[in-house]
Amino acid sequence: MRIHVLFLFSLLSTIPHYSYASVNDFCVADLKAGDTNNTFKAALTSAFVTDFPAVNGLGVSAARLDIAKGGSIPMHTHPGATELLIMVEGEITAGFMTPFALYSKTLKPGDVFVFPQGQLHFQVNSGKKKATAFLAFSSANPGAQLLDLLLFGNALSSDIVAQTTFLDIDQVKKLKARFGGKNLNNHMSM
């Protein structure tokens, strides 16, 4: 019996292994730049599972990043993935922070930068023209938490936000108005 089992395993190990994931869907590239006419002067054209189902189950996703002159991608995290940035055009200063250090670099075409999963990070166009980069993520759905939207696009009272961020109450109200926050008055809402 053992010989038959060993023979069966050896036979199965000689059969070629194929992946069917690479032939299920096709994508025709859209090479137009993203619309950077917004608060951040930046656009992310993503191929995440939420808008490009072909990556479902593959453990990867990608995006194109366009940042106009003077634009930025504000402090944010990707709780579900590590991010790899590959510079194509222009100049971007990028970085991430740990509790003990700042890692930052000004990137030019051909440069690569890695943002570890869950680390607070940013990208700023530090050049004199538009900047473009491609992003790769280690998950089909990396998620994103933008610090500005979390702090100021909510219904938490302005006085609580001011007290916990050490910002002036008037500045908090201004930022809440800019990012669609509610409860600009100085009282808590339930």
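Expressed in Å, the radius of gyration and Dmax of the Cα atoms of the range 146-189 are 8.7, 24. Our coupling estimate for the range 53-60, obtained by passing each phi through the Karplus curve with A = 6.51, B = -1.76, C = 1.60 and θ = phi - 60°, is x, 4, 8, 4, x, 8, x, 9 Hz, Gly and Pro reported as x.
Find the Cα radius of gyration of the range 84-190, compare it with 2.2 N^0.38 Å by division, and give the number to two decimals.
Details: Rg = 17.3 Å, N = 107, 2.2 N^0.38 = 13.0 Å.
Expressed relative to 2.2 N^0.38 Å, the Cα Rg reads 1.33.
The trypsin sites (Lys or Arg not before Pro) found in the range 32-69 that occupy coil by DSSP, while having at most 11 further C-beta atoms within 10 Å, are 32.
For the range 29-143, the Cα-based Rg and Dmax, in that order, read 13.5, 41 Å. Here is the list for the range 137-190: trypsin sites (Lys or Arg not before Pro) lying in DSSP coil, each with at most 16 other C-beta atoms within 10 angstrom of its C-beta, are 182. Among the chymotrypsin sites (Phe, Trp or Tyr not before Pro) in the range 126-190, those located in a DSSP loop and surrounded by at most 14 other Cβ atoms within 10 Å of their own Cβ are 166.
Here the calculated FRET efficiency for residue 150 and residue 52, from their Cβ-Cβ distance with R0 = 25 Å, stands at 0.45, rounded to the nearest 0.05.
Rounded to the nearest Hz, the phi-derived 3J(HN,Hα) couplings of the range 158-166 under the Karplus curve 6.51 cos²θ - 1.76 cosθ + 1.60 (θ = phi - 60°) are 4, 5, 5, 4, 4, 5, 8, 10, 6, where x marks glycine and proline.
Every number here is computed from the coordinates shown, using simple stated rules; none is lab data. Note that this is a predicted model, so its numbers are computed, not measured. Note that we place each Cβ from the backbone using ideal geometry, even for glycine, and neighbour counts take in every protein chain shown.
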